[in-house]
């Protein structure tokens, strides 16, 4: 049995007729950019996020860029964020001319370490940009307290957390602006790229909306240099069909995560994520394969991985144990993904910032240990059991033989 890390085929079978009708209606209308379909989705998505305003755009990356621009962030400013995220989190900061300042993450949650944020604040700091990674929300009450104490704005990176909530409030509704991605693998995914910015402030909403269409408050009047970043009507139609199903899909993800936690909790050599808060939306289920899982094994249980260590520039050779396990799973038909093999601060594009090896030790260790197991709403119990059985066979047998009694 082959188990994919993610699949859209079952979702397409379930919603295919509705999707066909929605897309065909857009094609027949001739209104491919803007129009009532886009506005309708924006209104529905704003309501789902608990805010009055949502502005569709071309991607989650653009959402971050537009949000920062709307706040007036630019050259000379600093934005504090996490280096354990997709590159776009920092890339958007750089795109507006500001400097990303990276804070290490908490080893249990993988989220920005709230105890380290204030030490990173300088007179140039303008924005806190927390990342709700893998569907787990950051403690937004704490973020808000820190921001208020230092007079900072808050932009939430919700790309992997659509439908998640903190303390009963949806992510995206806590900060000054919330940024979402509709990349196909996200909890709410389109049929291509797409994103949205949400907020409470009508002035910020208008600023984002103008920036997304070439800085145009009205046709052929350009008051600033903006972008060509619009959510097209086809994507809005697809997302409008899917949005009502999002709560049900997230509950399925939570059920899958719960089964993983229950069935894998006693497996040696495998670090499981914490259950997280009630609002966790489980975009990914990320386990850790520690470099020296017991302190006594010293990798002898995973001896085949030692010879495969990648010593290329900017690679983390300690990841050999994790990479070996990924190959074992793949050989058995279980496909996994690594989020993320190289932390942002160690990417060549950010070498000029001077973050050397060991500067963010928790982030760097995570990047050498994490592995995302298959999780999507349509994953069957039989498929999930296959993942569990293979992990038990590979790790249980290997570690039982290697660990002294």
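Here are some notes:
- Residue selected from region 175-186 under the condition part of a loop (DSSP other than H, G, I, E, B) and crowded, with 24+ Cβ neighbours inside 10 Å, by the criterion nearest to the chain's Cα centre (by Cα): 182
- Selection count, region 150-173, where residues are within 17 Å of residue 126 (Cα to Cα) and either touching a helix residue (DSSP H, G or I) at 6+ places or on another chain (Cβ under 8 Å) or at pLDDT below 95 (or both): 7
- Residues of region 245-277 that turn out to be part of a loop (DSSP other than H, G, I, E, B) and touching a residue at least 40 places away in the same chain (Cβ under 8 Å), as a count: 8
- Counting only residues that are within 21 Å of residue 201 (Cα to Cα) and out of contact with any helix residue (DSSP H, G or I) (no Cβ under 6 Å at 6 or more places or on another chain), region 69-91 holds 4 of them.
- Verdict on residue 229 being at negative phi and surrounded by 17 or more Cβ atoms within 10 Å (Cβ to Cβ): yes
- Filtered by the rule that a residue be farther than 14 Å from residue 231 by Cα and either surrounded by 15 or more Cβ atoms within 10 Å (Cβ to Cβ) or not assigned by TED's automatic domain parsing to the domain that holds residue 158 (or both), region 24-51 gives 44, 46, 48, 49, 50, 51.
- Some residue of region 217-228 being closer than 29 Å to residue 20 by Cβ and not in a helix (DSSP H, G or I): yes
- Filtered by the rule that a residue be in contact with a helix residue (DSSP H, G or I) (Cβ under 8 Å, 6 or more places away or on another chain) and more than 17 Å from residue 64 (Cα to Cα), region 197-231 gives 216, 217, 223, 224.
- Residues that are in a helix (DSSP H, G or I) and in contact with a helix residue (DSSP H, G or I) (Cβ under 7 Å, 6 or more places away or on another chain) within region 327-344 comprise 328, 329, 344, listed in sequence order.
- Inspection of region 40-53 finds a residue satisfying the criterion of being out of contact with any strand residue (DSSP E or B) (no Cβ under 9 Å at 6 or more places or on another chain) and touching a residue at least 12 places away in the same chain (Cβ under 8 Å).
- Looking at region 38-132, the strands (runs of 3 or more DSSP E) lying wholly inside it that each contain 2 or more residues that are closer than 17 Å to residue 176 by Cα sit at 53-57, 78-82, 125-128.
- Residue 62 farther than 30 Å from residue 381 by Cα and either surrounded by fewer than 24 Cβ atoms within 10 Å (Cβ to Cβ) or assigned by TED's automatic domain parsing to the domain that holds residue 341 (or both): no
- Boolean, residue 386 is assigned to a helix (DSSP H, G or I), assigned by TED's automatic domain parsing to the domain that holds residue 289 and modelled with pLDDT under 95: no
- Filtered residues of region 144-173 (kept if touching a strand residue (DSSP E or B) at 6+ places or on another chain (Cβ under 6 Å) and either over 20 Å from residue 50 (Cβ atoms) or part of a helix (DSSP H, G or I) (or both)): 147, 152
The values are calculated or read from the model by the stated rules, or taken from the named source; none is laboratory data. On a predicted model such as this, the values are computed, not experimentally measured, just so you know. Here the Cβ is made from the backbone with ideal geometry for all residues, glycine too, and neighbour counts use every protein chain on show.
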